[in-house]
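A.B. asks: Below: one structure in structure tokens.
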Amino acid sequence: MGISIFKSIASLLLIGSFFINLNAQVGINLGNPESMLDIQGNSSVPPLKIQNLTPKSVSQPIMLLVDEDDNIVSSIKRYYPIVYASVTSLTGLNLPYTANNTLYELNNPTTGFTIVNDLTTNIVIDNQRGDNNVINIDLSGVAQFDSNTAIATNVYFDYEIGIFVNNQLKEIRRFSLAGDGYAGSFIPFGLKGVVGDLADGNYEIKVGFLSKSSNAAIPLSIGKASTAFLSNYLKNDIVSLRLHVYGVYF
């Protein structure tokens, strides 16, 4: 009986000591803490602050963590697609055959290319980053032999499409149209390009076509219905040249 009472009293004292320890005040770099956890820092690291950048569109702001000298320590960025231009040519173009063996390098001017004037468009890049901007360029359309007669399967016409930014060649690709034994041979085409390392500013986008080689003197009609037969079969809204320029706002 006495031993049981002694064990009970010892257990109560142990539990009480445990609760006292749980409620004790702990200090870090402090001899006399004033709360359960009281920390006194002595770090020489300068304070950091959060800076909101005012968005230039309806997008959310970019959050930056900067030090006292406004140096960026970390950042949270949100990216938003933006369409700079979407243009459809109302005229298209006629491309006669002219032999051309010149190899055109990037950043060359528009010399030699037939420019689709009503596809020329101007865009403004005004991102908060200010440099290293990227634009994506997407061109689509249809090329047709401009003839009402059947085009033999061994007839071909090679041509190139160039995309220019501020009169400098940035994208180029060769295409070929071959006869199919019927009148009105045609082929759809598409060209996608990416132009990077652009600073904020104004840019002019141009699209040009270039005749390369052919074994017949049959011209091409590009981006428009060319003959009476083709007009009945391929309407202008189907064959039109379409240019889309888009990128990312951040």
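Coordinate-derived values only; no laboratory data. This structure is a prediction, so every number in the text was calculated from the model and none was measured. Cβ sites come from the backbone with ideal geometry, for glycine too, and all protein chains shown count toward neighbours.
A.B. asks: Please give, to one decimal in nm, the separation of the simple spin-label points placed at D138 and I187, each 7 Å out from Cα toward the Cβ.
C.D. replies: 2.3 nm
A.B. asks: I'd like the FRET efficiency for A178 and S86, computed as 1/(1 + (r/R0)^6) with the beta carbon distance as r and R0 of 41 Å, rounded to 0.05.
C.D. replies: 0.85
A.B. asks: So, counting K/R as plus one and D/E as minus one, what does the shell of residues with Cβ under 11 Å around T91 add up to?
C.D. replies: 0
A.B. asks: Here's a follow-up. If amide H atoms are built 1.01 Å from N in the plane of the peptide, which residues on other chains or at least 5 residues away come under 5 Å of the amide H of N108?
C.D. replies: Residues meeting the criterion, in which the H sits 1.01 Å from N, are L169.
A.B. asks: Further, regarding this structure: When the chain is fully extended, how far beyond the present Cα-Cα distance does L103 get from I238, taking 0.36 nm per residue of separation?
C.D. replies: That works out to 45.4 nm of additional length.
A.B. asks: Nearest 0.05, what FRET efficiency do T153 and I115 give at R0 = 35 Å with Cβ-Cβ as r?
C.D. replies: E(calc), rounded to 0.05, equals 0.65.
A.B. asks: Right, next: Using a/c under 1.5 as the rounded threshold, could you call the stretch 80-249 rounded, prolate or oblate? The axes a ≥ b ≥ c are square roots of the C-alpha gyration tensor eigenvalues, and prolate needs a/b larger than b/c, oblate otherwise.
C.D. replies: Prolate is the answer for the stretch 80-249, as a/c is 1.5 or above and a/b outweighs b/c.
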